[in-house]
Amino acid sequence: MGQLCSRHQYYKNEDSEENAQAAEIERRIEQETKAEKHIQKLLLLGAGESGKSTIFKQIKLLFQTGFDEAELRSYIPVIHANVYQTIKLLHDGSKEMAQNESDSSKYVLSTENKEIGDKLSEIGSRLNYPCLTKEIALEIETLWNDSAIQETYARANELQVPHSGYYFMENLHRIADANYVPTKEDVLYARVRTTGVVEIQFSPVGENKKSGEVYKLFDVGGQRNERRKWIHLFEGVTAVIFCAAISDYDQMLYEDEKKNRMMEAKELFEWVLKQSCFEKTSFLLFLNKFDLFEKKILKVPLNVCDWFKDYQSVSTGKQEIEHAYEFVKKKFEELYYQSTAPDCVDRLFKIYRTTALDQKLVNKTFKLVDETLRRRTLFEAGLL
Amino acid sequence: MRGGWRMCLRLRCPFCICPCSHFAFARATFPFLVYKVPRPQGSAFWIPMIQVFASFNLLVAIMMSVNLIKIRKRHWWQSCYLWAVWIGGPLGFGLLLSCRIVQAFQLYFIFVKKRLPPIRSFIFLPLILLPWIAGSVFVHVEKPLNYRCEVSAWWIIPAVSLHLFYVALLVGFMRAIQHVEFKFHELKDLWQGILFSTSSVGVWVAAYILNKIHENVEWIEIASRFVLLLMANIFIQVFFSMSSSQPLLSQMSLRRKQHPEIGSMGKALGISDSEIQSQWEQSIVIDSNEPLDKLLLNKKFRSSFMAFADSCLAGESVRFYSEVHELDKLPFDDSVRRIYIARHIIENYIVAGAAMEVNISHRNRQEILTTSNLAHPDLFKTAVKEVLQLMEMNLAKDYWSSVFYTKFKEESGTNMNGHDLELLTSWNASPRLSSVHAADDPFHKGKDIFQREIQLLDDISND
């Protein structure tokens with residue numbers, strides 16, 4: 001017995017250093033987990049190109065240190081890439097339509113622009129794009145003003161042309177300047193498909209400068225292959241911000257050109273609502289791209305999308321826009337209540353109308369979100 | 001002595017006499033249960049499983065139809081038609097041969113026609129089974145079997161010819177793909193299958209004739225039953241293999257000690273990494289100003305970048321790039337190996353719902369899936385371009401300011417230049433994803449998930 005004790009003593013001395021280290025580790029882990037409990041986890045979910053990364057950028061601009069000049073400059077290759085990709089898509093699209101359509105003559109480029117078109121298409125298919133100089137910008141502008149390209153752009157919903165394409169085309173000369181530094185607006189318009197997961201931590205400082213809650217925001221990719229990665233983020237989420245681009249009702253998916261984007265958003269929303277880990281999670285639905293919706297609804301009726309086929313337009317102009325918006329909102333609400341199990345009924349659900357590119361609007365919306373979530377936390381803690 | 005024979009053949013437990021179907025089942029599920037390999041999608045999983053199912057059916061059908069198990073009462077489910085006709089035919093022998101034919105059909109299209117099979121296997125398999133089902137229905141309606149589950153010679157001949165017709169079909173596919181130099185044991189498996197199915201049909205016919213000629217001689221009966229069961233057991237073992245549908249998994253041995261390298265098809269095909277690490281590649285300066293496609297040629301950089309991408313759940317892009325790079329190392333005329341790798345890449349990275357599906361447009365995906373030449377050198381060119389652009393715009397920026405880059409710099413022994421230091425300290429040097437520890441690579445070899453503790457240990461030891 002004595003022998004055992006002494007052996008134990010011997011081991012104890014040897015291990016005391018290790019024990020101290022282990023205890024230190026334990027203490028630190030405890031501290032961190034305690035600190036993490038006060039951090040609220042927010043997820044930005046949604047289908048591809050629904051505006052998640054734009055909201056993410058807006059939050060960075062509003063509540064973190066913002067973008068300094070170096071970071072703004074780092075977006076120049078992205079913006080140039082957007083320009084080249086847009087003009088290439090439009091050029092190739094016009095060629096295809098010239099072949100397939102019945103009244104093909106309006107999609108045929110004028111002879112003097114054919115060479116420019118082929119050259120730009122070749123540049124657009126390279127891996128590394130050249131820097132956008134004044135000369136190339138002039139050529140792009142000439143091609144953009146060609147009637148065939150404009151006709152193709154009118155049918156851009158059938159191609160996968162990003163909306164930022166139009167914005168950059170309009171600002172081509174400013175972008176091609178040698179000393180160009182992107183503005184915040186340019187950075188918000190710059191389109192890059194997100195892959196994997198990105199996170200930031202921020203705190204929305206209140207008006208009276210009192211420090212608010214600490215939030216951790218996660219941005220994900222929206223295409224189908226990216227969604228298998230979402231599952232790693234689903235534990236312990238305070239709120240899910242689901243972005244749905246309501247102006248996409250007549251467009252097809254980037255990763256599957258046979259599926260309508262709005263139908264995909266509908267199915268995805270349903271799927272997210274039914275996840276068991278979100279029983280107590282608040283849901284904030286951002287009906288995004290309202291600015292594009294306003295313009296589109298007057299030209300393209302909502303009924304082109306299967307989900308909205310029972311829509312009846314009542315009037316024109318602003319009234320029509322509001323009516324259409326209310327219809328879409330009601331559809332999403334119905335979907336929410338259909339997909340919510342009886343034991344999840346008391347989770348928070350709110351719908352917000354957003355335009356992710358509008359900084360003031362996003363700021364206002366987020367303040368509302370913050371207030372709602374804080375109230376919810378107090379409510380759950382039994383203090384309200 | 002006779003009593004002894006009789007006793008051993010009147011075993012009550014059917015499972016004792018089909019050891020081979022157990023072995024086949026174990027062989028099929030071993031990679032998934034023990035090595036935790038993710039379940040493959042589609043036909044690569046179902047066809048081996050259906051083969052196990054069919055083999056079990058065949059054995060039980062033979063046992064029941066030769067009345068091996070003595071059961072007291074006559075139940076409805078002991079009916080001869082159920083066992084000898086339905087379960088032995090379309091769900092047993094017919095199903096086994098049809099699976100093999102489907103696999104041969106796939107091999108023919110992939111290696112000879114160099115394109116993906118036009119008919120999905122879950123449509124093709126029932127189509128092939130139709131003659132068996134039609135035959136069974138016909139027999140069921142006509143009811144020629146007697147109480148001892150035997151049938152007259154007029155009925156045996158069409159039955160045997162149906163069996164032999166399917167074997168002939170398999171032989172036909174074999175001859176079409178004979179000239180291809182397969183790297184795994186596909187041809188060997190198919191030959192074995194043909195050989196054994198012909199011999200088992202032969203044994204069956206011989207047993208039948210013997211029993212007819214020398215009716216009621218007990219030792220012939222017992223011997224023929226024994227030989228039939230033995231043939232069936234061997235037949236199943238021979239028929240069961242995974243090499244056509246899952247060549248990498250078929251390399252895995254059942255002995256746990258031999259831990260296999262299943263991550264790379266390139267390694268399995270013998271493409272060594274060290275082949276082409278040229279002087280030029282080693283001398284590339286790793287600098288954030290270089291374009292990404294040039295930097296990724298350097299092996300150490302590539303693995304550091306891959307680790308970073310894995311940490312923010314975007315690893316599939318780098319892996320896809322890396323595997324296409326391996327494909328490009330092969331000479332243009334080595335079409336067999338090119339096709340193996342192309343098929344492996346398509347199944348793992350391109351097919352919708354694949355384990356490591358990459359983020360590419362619909363058009364690029366369809367171009368690859370409907371290609372008419374799987375060995376074409378430019379098959380994945382546009383997809384790789386798209387993925388590289390994705391990585392450059394998305395991941396590269398965050399990489400330069402991440403801990404993975406600092407570690408890489410330390411390990412390669414060079415000092416950071418001023419520009420890179422600036423990058424590190426300029427804006428948000430926080431990790432792209434801090435708290436989620438999940439590898440995107442389903443074959444991750446024991447990634448250490450207690451990173452937080454290790455970091456703390458480092459902190460403490462540095463204090």
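The values are calculated or read from the model by the stated rules, or taken from the named source; none is laboratory data. Note that this is a predicted model, so its numbers are computed, not measured. Cβ sites come from the backbone with ideal geometry, for glycine too, and all protein chains shown count toward neighbours.
Details
- Residue tally, condition among the β-branched types (Val, Ile, Thr) and over 22 Å from B:ARG175 (Cα atoms), over the range B:82-113: 2
- Answer residue from the range B:305-332, given it is hydroxyl-bearing (Ser, Thr, Tyr) and crowded, with 21+ Cβ neighbours inside 10 Å and is farthest from the chain's Cα centre (by Cα) among those: B:SER311
- Residue in the range A:250-263 that is within 8 Å of another protein chain (Cβ to nearest Cβ), more than 18 Å from the chain's Cα centre (by Cα), outside any loop (DSSP other than H, G, I, E, B) and surrounded by fewer than 19 Cβ atoms within 10 Å (Cβ to Cβ) present: no
- When A:ILE231 is tested against (1) within 14 Å of chain B (Cβ to nearest Cβ); (2) within 20 Å of A:LYS289 (Cα to Cα); (3) assigned to a helix (DSSP H, G or I), only condition (2) is not met.
- Scanning the range B:371-383 for residues being crowded, with 19+ Cβ neighbours inside 10 Å and at the interface with chain A (Cβ under 9 Å from one of its Cβ atoms) gives a total of 0.
- Of all the criteria given as (1) among the aliphatic types (A, V, I, L, M); (2) within 22 Å of A:THR195 (Cα to Cα); (3) assigned to a helix (DSSP H, G or I), the one not satisfied by B:ALA354 is (3).
Yes or no, residue by residue, for (1) within 29 Å of B:LYS381 (Cβ to Cβ); (2) outside any helix (DSSP H, G or I):
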| site | (1), (2) |
| --- | --- |
| A:LEU120 | yes, no |
| A:PRO130 | yes, yes |
| A:GLU141 | no, no |
| A:TYR153 | yes, no |
| A:GLY165 | yes, no |
| A:MET169 | yes, no |
| A:ALA178 | no, yes |
| A:PRO182 | no, yes |
| A:GLU185 | no, no |
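- In the range B:409-436, the residues that are facing another protein chain (nearest Cβ under 10 Å) and at pLDDT 70 or above: B:ARG432, B:LEU433
- Take the conditions (1) in contact (Cβ under 8 Å) with a residue 60 or more places away in the chain; (2) more than 14 Å from chain A (Cβ to nearest Cβ); B:THR406 misses just one of them, which is (1).
- Taken together, the residues in the range B:319-369 that are within 23 Å of B:PHE109 (Cβ to Cβ), away from chain A (no Cβ under 14 Å) and hydroxyl-bearing (Ser, Thr, Tyr) amount to 2.
- Residue among A:SER147, A:SER164 that is within 30 Å of B:ALA314 (Cα to Cα) and in contact (Cβ under 8 Å) with a residue 24 or more places away in the chain: A:SER164
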